[in-house]
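Structure record follows, encoded as structure tokens.
The values are calculated or read from the model by the stated rules, or taken from the named source; none is laboratory data. What you see is a predicted model, and the numbers here were worked out from it, not measured in a lab. Note that each Cβ is placed from the backbone with ideal geometry, even for glycine, and that neighbours are counted across all protein chains shown. Side chains included, ligands, DNA and RNA excluded: accessible areas come from the protein's heavy atoms. Shrake-Rupley method; radii C 1.70, N 1.55, O 1.52, S 1.80 Å.
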4 protein chains.
Amino acid sequence: MLVVMQSHATDEQVRAVCQKIEELGYRAHSMPGAQRTAIGITGNAGEVEPSALEEMPGVQELIQVSKPYKLVSRELKEENTVIRFHGSNATIGGKGLAIIAGPCAIESREQAFAIAERVHAAGAQFFRGGAYKPRTSPYSFQGLEEAGLRIMAEVREQFGMKIVTEAIDHESLALVEEYADVIQIGARNMQNFSLLKRAGRSRKPVLLKRGMSATLEEFLMAAEYIMSEGNYNVALCERGVRTFADHTRNTLDLSVVPAVQRLSHLPIVVDPSHGTGKRNKVTPLSRAAVAVGADGLIIEVHHQPEKALSDGQQSLYPEQFDELMAQVRQIAPVVGRTVPGIVVASPAVEAVR
Amino acid sequence: MLVVMQSHATDEQVRAVCQKIEELGYRAHSMPGAQRTAIGITGNAGEVEPSALEEMPGVQELIQVSKPYKLVSRELKEENTVIRFHGSNATIGGKGLAIIAGPCAIESREQAFAIAERVHAAGAQFFRGGAYKPRTSPYSFQGLEEAGLRIMAEVREQFGMKIVTEAIDHESLALVEEYADVIQIGARNMQNFSLLKRAGRSRKPVLLKRGMSATLEEFLMAAEYIMSEGNYNVALCERGVRTFADHTRNTLDLSVVPAVQRLSHLPIVVDPSHGTGKRNKVTPLSRAAVAVGADGLIIEVHHQPEKALSDGQQSLYPEQFDELMAQVRQIAPVVGRTVPGIVVASPAVEAVR
Amino acid sequence: MLVVMQSHATDEQVRAVCQKIEELGYRAHSMPGAQRTAIGITGNAGEVEPSALEEMPGVQELIQVSKPYKLVSRELKEENTVIRFHGSNATIGGKGLAIIAGPCAIESREQAFAIAERVHAAGAQFFRGGAYKPRTSPYSFQGLEEAGLRIMAEVREQFGMKIVTEAIDHESLALVEEYADVIQIGARNMQNFSLLKRAGRSRKPVLLKRGMSATLEEFLMAAEYIMSEGNYNVALCERGVRTFADHTRNTLDLSVVPAVQRLSHLPIVVDPSHGTGKRNKVTPLSRAAVAVGADGLIIEVHHQPEKALSDGQQSLYPEQFDELMAQVRQIAPVVGRTVPGIVVASPAVEAVR
Amino acid sequence: MLVVMQSHATDEQVRAVCQKIEELGYRAHSMPGAQRTAIGITGNAGEVEPSALEEMPGVQELIQVSKPYKLVSRELKEENTVIRFHGSNATIGGKGLAIIAGPCAIESREQAFAIAERVHAAGAQFFRGGAYKPRTSPYSFQGLEEAGLRIMAEVREQFGMKIVTEAIDHESLALVEEYADVIQIGARNMQNFSLLKRAGRSRKPVLLKRGMSATLEEFLMAAEYIMSEGNYNVALCERGVRTFADHTRNTLDLSVVPAVQRLSHLPIVVDPSHGTGKRNKVTPLSRAAVAVGADGLIIEVHHQPEKALSDGQQSLYPEQFDELMAQVRQIAPVVGRTVPGIVVASPAVEAVR
């Protein structure tokens, strides 16, 4: 159920409706829009009895939401969600593409700074790096943990980039929300509902990666878990799905980008590094991701990929990332977007083939 | 690395080798077998320097393990793992098939007892039921939580069945290990490595379900996570994988049963309820699972499936479960297994088609 | 549309209805059943005007078929289709399981006879072998063509087994229908509609293999193509589908067996050789296929698999086929089936694990 | 095996080497390049004895081809294959993108001309339309057959567009090669090897669509079948693969474009109409396909999609196709390509979201 307020409804009227909803035993989610405020109601197994609400001052109409997801839905909020960051003009979901770059894992202060310097220079406003690594083997490098978070906080201080890093359980999430700017929930945890709820109680934005075999509905429902706890700053991330195809590590499903954008107001970025698993595929698929309409890119970059402790074969060299940025900078305007950073004169891509 | 002890090695010699391994900074996992004891070494990124160990009394040889999984591997332990339970002759991995049955979710004491009575009478030695339900929607019934666990403990007291129930995070795992006999890790959490490690520190056996798109190696590595923390009582569970096929909810991959059995000493059971998602497919696929060589079945049964709060369309009626048991009881001897419970004279299955 | 005749309707009345249907510009498919005859009507884009038919003598009722497939459907024909062969008690779809065995490809007279002797002795009533091989590479062995068919005809003469072999185009089909008893349409040609129609104009039974990524509906519609041309002797074959799983060559989808049996009267056999692609998986999955209710098995056997020109790694040694037969012979009675051949005393399967 | 000729080798020397290869019982495939001519050798099961060839005049070296595909491989031919058409500057694989557009099926002369006029005006140089339709149901519209081909020939005469249309068997291929400019082999026939060989004996270029679950290697091997018969004008087409995802009809795998381009010299176009199955996804995925580096697009356009006899839900309205062309025209230069047709001033895409 969704309460649409009149365009001239006062804040007080909105508050009164929310209060009434809570009194009825439900949860109210106020979503201000450019034209009007909508209030989502959750916590109801069946239908909400409308009579108590529809006659309240400022209420325009009550709408039954037709999808299993409510807060995620464009029915509730027509305008795109734009995630903003204090003291930065970087956004996720705004006109400027969100460019998130950095190593798979933070390995040392030296490594992090060497990479950060390069991706910052190339125009990235977000720095990614894993401090807690979900690895297939218990015997593989599992990340530097809090020490890694501390290094990333230094990177932010030095370069002004916002920090995106993964939390893998309640304990690491508490530390990630302390040190970082965006809490990443990885593909393997997309249906770790306990973790999603915990992220929903954080005040930091969440970057939710699509599970390896998640349907679009499951993906949106996972975001709904986060939003239902009150955190509305959720960005989605396509990172490839698992298929029979063996020429890439995963099959990057770019069609999910326009599909999400039809159904939801949430931004969606694309991770061609995990989506292909092969360095030589990252740049072409980054171009494609921007062209399809994604709100940003998340790219693995390493200054010495051959020595990386994880995912080296899919990490770009810094100069390859420069070239990637030059290319997407040319495509972005075609889809009405901009790419941050200094525009260096760059010829048309030579010899794509 | 794996230390194979001589067949006449004493307990003291085994202990001394384990102590030496720990002194070297690794972790020792002693696995006694019928003929000999093997000691797995984990915690080493690269190779272990063998000279310190190979000359110790009672050591026969040192073997480099060729697979990424070590403790899970038949290379380490040739004999099948049999999980035994105090005060019960039920096993998982023994000659008798492990029959685990019950509702998807515990809904009430009445519901649980009504179903428990029927599945117990039909021969099930394990009672399953969800107290913590990982649901796609945050607005769906999420389980009775601790109250559900308490009801299951009463079922155990009344009927003597061992309790199998899912833990979804650290908090629920602490309660599940207190109340239940087997901790289930669900498909969505198969790569929730933090939860796997926590389960590895429990003294209760773990039933690990295969993720929806997990390869065999990822499945075994998830079990390795549990075992690497010291809990060697792990049973695997095939529950269907996600494919393009739409005539069943998932595609039950029975070939994984002999595949696991070649590579690992761990038992593997099959869940045809989730594996097919359709009531009319559960019994034929249960027959097939026993015939392929599975160590047990996990079956959803509900006395009023049409009123079930979850998964009603895949739950058997109690009389259908009786029939299922009669059928698998006839197939089990062909694969050298037995099925618990009273053998009722039963004619050959009529009209399978 | 489907015309159900009264149980006492005469042959003449059936013929008159069929004639009327043809006069109306449609095609009539008479399907005699134990209780009654049903007449399927095809060739109509929309609905057939019923008034012309429903008042004819002997007509009981007209039924709108609810599925896209008509002739394939159990709505049209309730009884199972049993494919019978002249001068043999072998059937596909009868009480006795159809056991089809032989090499992947016919390589020489000596090879064919050596294998035929063994599979015949073990109880197979059908001999399979490829004379036209659809190979991924144009440079691989493509089969002995007509010479291979001639060898198989000799095998039939010598051992009395019926011959099953694949046709890959119109030209080879003309020869296959001349020499063989069952025309196999392979997985890669499941939607080669031109070939299906040609097979539908043959008087020989057709074994139709499921395509690598065919849905159940597409599978049944492919059979409908054959039947719509007038050939009602169609047997289906599950041979594994393509998924992300890499422990077998394909993922054998045994749930399709009961799914087919609910919707269709056509028999369905299982091919665990292609379905797993690994010799050590063939016997366990054969047991499972019989237990799930399949109407038969198609098994690759080679007396020298290591020298086979194709598919050696999935071919059983003759003695493994003997053991497979001993095992399925024990499972068959549980599902109300028999297995042909001499019943040799055989103990319960030892050491399935 | 591959014979690399010296850069200054004469035509006569090339002919002599080819003749020698044929005398040895193999088949020679001469592939002239900008710098040198290479001669592929096929028909050899194992290795070719090199001594007979390496000392011949004009031979630089003999190279063992490391892939199962030979003629398809960049090892044999470094330069991109560009398919050219008599009396037209349209190419497939050249600098200009190949834009192929038209209805799913030719339904009538009026329909074909109405659509042709629009797509021609928008810049398409190729007209597509099905005269032989491989339909899932035998009762669905199967195409106008030769009458459809005749209409397309008239379209060519009127508008100068080259005709692309599907052949489904030997019989239709004979007619398609007579009337059309490009013979399309559909996804369902990608491993109809008999048809591939027949297309390989045609002198018309072939557009080969990827099978629904074809790996990259299988896709390239299918092209190898065509080339091994002597037809070197083959273009590949990605049209989506089958996965669990249900928000699109297929999952468009754009990563296969750079993957093909690394391994093969053949051009590859993308079909976002079948690749998504939804009208509202066609334009974004077309942008992405051009951005990823595809050599062209194949787009379904219908002037009255709601009345189309097939695939109406994925056909663009002509004005949507105009808009698509305007958008890809802006992206093409970024990847060093051009788009044919009149460049109409077009603002940046508004509101992609």
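On the rotation that sends chain B to chain D, the chain B Cβ lying closest to the axis gives residue and distance in whole Å as B:F244, 3. Buried area at the B:C interface is about 3800 square angstrom, summed over both chains, from accessible surfaces computed with a 1.4 angstrom probe.
Choose one answer from A:G58, A:G312, A:G277: the residue with the largest mean-square fluctuation in a GNM of chain A with alpha-carbon springs under 10 Å. Looking only at A:G58, A:G312, A:G277, the biggest GNM fluctuation is shown by A:G58. Using only the Cα atoms of segment A:69-214, build the gyration tensor, take square roots of its eigenvalues as a ≥ b ≥ c, and label the shape rounded, prolate or oblate: rounded if a/c is under 1.5, else prolate if a/b is larger than b/c, else oblate. It comes out oblate by the Cα gyration axes. Bridges between two residues of chain A, per DSSP, are antiparallel at a rate of about 40%. The per residue volume of the convex hull around the alpha-carbon atoms of chain D is 142 Å³. The same position C:E145 in the other copies lies at 2.8, 7.0, 7.5 nm from this copy, comparing label points 7 Å beyond Cα toward the beta-carbon, shortest first.
Which percent of the accessible area of segment D:46-142 is formed by carbon and sulfur heavy atoms (probe 1.4 angstrom)?
On the way: 1870 of 3980 Å².
Answer for segment D:46-142 is 47 percent, counting heavy atoms of protein chains only.
The residues of segment A:156-198 listed by number as losing at least 30 Å² of accessible area in the complex, against the isolated chain and with a 1.4 Å probe, are A:D169, A:R188, A:Q191, A:N192, A:F193, A:S194.
Among D:C237, D:C104, D:C18, the residue with the largest mean-square fluctuation in a Gaussian network model of chain D, with springs joining Cα atoms closer than 10 Å, is D:C18.
Which cross-chain or sequence-distant (5 or more) residues have an amide H under 5 Å from the amide H of A:S264, H modelled 1.01 Å from N in plane? Under 5 Å from the amide H of A:S264: A:R74. Each other copy holds its own label point for A:V65; taking that point as 7 Å from Cα along Cα to Cβ, the gaps run 4.4, 4.7, 5.7 nm, nearest first. Spatial offset of segment C:204-258 relative to segment C:71-88 amounts to 17 Å, using the alpha carbon center of each. Between B:K162, B:K95, B:K77, the Gaussian network model of chain B with springs among Cα atoms under 10 angstrom shows the greatest mean-square fluctuation at B:K95. The length gained by stretching the chain between D:Q35 and D:S66 to full extension, at 0.36 nm per residue less their Cα-Cα distance, is 9.0 nm. When A:G25 is represented by a point 7 angstrom out along its Cα-to-C-beta vector, the spacings to that point in the other copies are 6.1, 6.3, 8.7 nm, nearest first. Please give me the summed charge of the neighbours of C:H86: other residues whose Cβ is under 14 Å from its Cβ, Lys and Arg +1, Asp and Glu -1. Computed value for this residue: +4.
Please label the shape of segment B:156-250 as rounded, prolate or oblate, based on the square roots a ≥ b ≥ c of the eigenvalues of the alpha-carbon gyration tensor (a/c under 1.5 means rounded; beyond that, a/b larger than b/c means prolate, else oblate). Oblate shape, in that a/c is at least 1.5 and b/c is the bigger or equal ratio.
Classify the protein assembly as shown as rounded, prolate or oblate from the Cα gyration tensor: take a ≥ b ≥ c as the square roots of its eigenvalues, call it rounded if a/c is under 1.5, otherwise prolate when a/b beats b/c and oblate if not.
Numbers: a/c = 1.26, a/b = 1.04, b/c = 1.21.
Taking the square roots of the gyration eigenvalues as a ≥ b ≥ c, the protein assembly as shown is rounded.
Model label points for B:R203 and D:K307, set 7 angstrom from Cα along the Cα-to-Cβ axis, are 7.9 nm apart. For chain B, the per residue solvent-accessible surface stands at 35 Å², with DNA, RNA and ligands left out and a 1.4 Å probe.
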